[in-house]
Amino acid sequence: MTINPEGSGEGRNLDAGMLAVLHRLMAADRDIAQAHASLDRRPKELDLKRREVATQEAAVRTATDTVKVAQKRIDRKSLESDALEADVKKLEGQLFSLKTNDEFEAMKHQIAQRREKDDLIQTEVLELLEALETLKADEAGEKDKLRALQANLAKAEERVRAELAVAETEVMAKEEARQALRDQLSEDLRALYDVAHERRGSGVARLVDQVCKGCDTQVTMNVLGAVMARKLTRCPHCQRILVLES
Ligand SMILES: [Zn+2]
C-alpha cells in the first residue's frame with residue numbers, strides 16, 4: 001500500500017471489497033439525491049392548486065362587487081320612486097284646496113307626469129331585481145366553485161403532508177444505510193469520499209469512456225489508466241473517487 005505524502009492514500013491499490021463498497025455508496029448517494037429531488041417536487045404540486053384558489057377568490061370578489069353595484073342601483077331607483085310617490089301624495093292632498101279649474105287641471109297634469117315617471121322607474125326596478133337574481137346566482141356559483149377548489153387543495157395538502165412524512169422517513173433510512181456503508185470505508189477513502197460528498201452531494205463517480213459521470217468532464221489517459229489499474233483515483237475536476245462500471 002502506497003500512501004502519498006499528504007496521507008490521502010491516492011494512488012494506492014483498491015481491493016475488490018472496497019470497490020464494492022464504493023459502488024454501493026455511489027448508488028446510495030444517487031438514490032438519496034433522487035429522494036430529495038422528489039421531496040422538493042411534492043410541495044410544488046400544490047402551487048398550481050393554490051393559484052387556482054387565488055384566481056377563483058378573485059372571481060368571487062368580482063361577482064360580489066357586481067351584486068353590490070346592482071343592489072345600489074336598485075336602492076337608488078327605489079328611493080327615487082319613494083320620493084315621487086311622496087310627491088304625488090302631497091300634490092293630491094293639495095288638489096282640493098285649489099281655487100280654479102285651471103289650477104286643478106295643472107295639478108292633475110303634474111300628478112300624472114310624476115306617476116308616469118314612477119311607473120317607468122318601477123318597471124326598471126323590477127327588471128333590475130330580476131337581473132340581480134341572476135347576478136346573485138352567479139355569485140353563489142362562483143362561491144361553490146371556490147369551496148370545491150379549497151376542499152381539493154386541503155385534501156391535496158393533507159395527502160402531500162402524509163407523503164412527505166413517509167418520504168422523509170425513507171430518506172432517513174437511506175441516509176442511515178449510506179452512513180453504514182461509509183463506515184465500512186478505510187480511513188483514507190472515507191476522508192476523500194467525505195470531501196466530495198460534502199461539496200457535491202456524492203462522493204463516487206463512474207468513469208465511462210474516459211469521462212467522469214459525476215461532472216461530465218473528460219479525464220486524461222493517466223487517470224483512466226490508474227482507475228483501470230484499481231488505484232485509488234479522484235476526478236481532477238470534481239474530486240469524486242472514480243470507479244469503472246461494475
Ligand atoms: Zn468529475
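The values are calculated or read from the model by the stated rules, or taken from the named source; none is laboratory data. Quick caveat, the model's predicted, so the values are computed rather than measured. Methodologically, a virtual Cβ is constructed for each residue, glycine included, from the backbone with ideal geometry; neighbour enumeration extends over all protein chains shown. Please note that ligands, DNA and RNA were not included when accessible areas were found on the heavy atoms of the full protein model with its side chains. Shrake-Rupley method; radii C 1.70, N 1.55, O 1.52, S 1.80 Å.
Looking at the stretch 222-246, which of the residues that are of a type outside the set (D, E, K, R) and open to solvent by 80 Å² or more (accessible area, probe 1.4 Å) is farthest from the ligand (Cβ to nearest atom)?
Going through the stretch 222-246, the residues of a type outside the set (D, E, K, R) turn out to be 222-229, 232-233, 235-239, 241-244, 246.
Still in the list and also open to solvent by 80 Å² or more (accessible area, probe 1.4 Å): 222, 228, 237, 246.
On the way: Asn222: 15, Met228: 16, His237: 5, Ser246: 18 Å.
So the residue we want is Ser246.
Condition check ((1) at pLDDT 95 or above; (2) in a helix (DSSP H, G or I); (3) not basic (Lys, Arg)) across all residues:
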residue: Glu105; (1), (2), (3): no, yes, yes
residue: Glu133; (1), (2), (3): yes, yes, yes
residue: Glu139; (1), (2), (3): yes, yes, yes
residue: Arg182; (1), (2), (3): yes, yes, no
residue: Asp188; (1), (2), (3): no, yes, yes
residue: Asp194; (1), (2), (3): yes, yes, yes
_Number of positions in the stretch 187-209 that are out of contact with any strand residue (DSSP E or B) (no Cβ under 9 Å at 6 or more places or on another chain) and under 12 Å from Leu22 (Cβ atoms)_ = 2
*asked:* If Glu170 meets every condition in (1) open to solvent by 90 Å² or more (accessible area, probe 1.4 Å); (2) in contact with a helix residue (DSSP H, G or I) (Cβ under 6 Å, 6 or more places away or on another chain); (3) closer than 23 Å to Arg30 by Cα apart from one, which number is that one?
replied: (2)
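Every residue in the stretch 94-103 that is assigned to a loop (DSSP other than H, G, I, E, B) and either surrounded by 10 or more Cβ atoms within 10 Å (Cβ to Cβ) or among the aliphatic types (A, V, I, L, M) (or both), please. Steps first, answer last, please.
Taking the stretch 94-103 as the starting set, the residues that turn out to be assigned to a loop (DSSP other than H, G, I, E, B) are 96-100.
Once the filter is applied, which keeps residues that are assigned to a loop (DSSP other than H, G, I, E, B) and either surrounded by 10 or more Cβ atoms within 10 Å (Cβ to Cβ) or among the aliphatic types (A, V, I, L, M) (or both), the stretch 94-103 yields only Leu98.
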*Based on what the data block shows, is Arg206 open to solvent by 50 Å² or more (accessible area, probe 1.4 Å), assigned to a strand (DSSP E or B) and within 12 Å of the ligand (Cβ to nearest atom)?*
yes
*Has the stretch 185-194 got at least one residue that is free of Cβ contacts under 8 Å to residues at least 60 places away in the same chain, away from the ligand (no atom under 16 Å from the Cβ) and small (Gly, Ala, Ser)?*
no
*Go through the residues of the stretch 40-61 one by one and say whether even a single one is open to solvent by 50 Å² or more (accessible area, probe 1.4 Å), of a type outside the set (Asp, Glu) and within 30 Å of Gln122 (Cα to Cα).*
yes
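Quick one: in the stretch 210-221, of everything that is more than 20 Å from Arg30 (Cα to Cα) and within 15 Å of the ligand (Cβ to nearest atom), which residue is surrounded by the most Cβ atoms within 10 Å (Cβ to Cβ)?
Looking at residues that are more than 20 Å from Arg30 (Cα to Cα) and within 15 Å of the ligand (Cβ to nearest atom), I get Val219.
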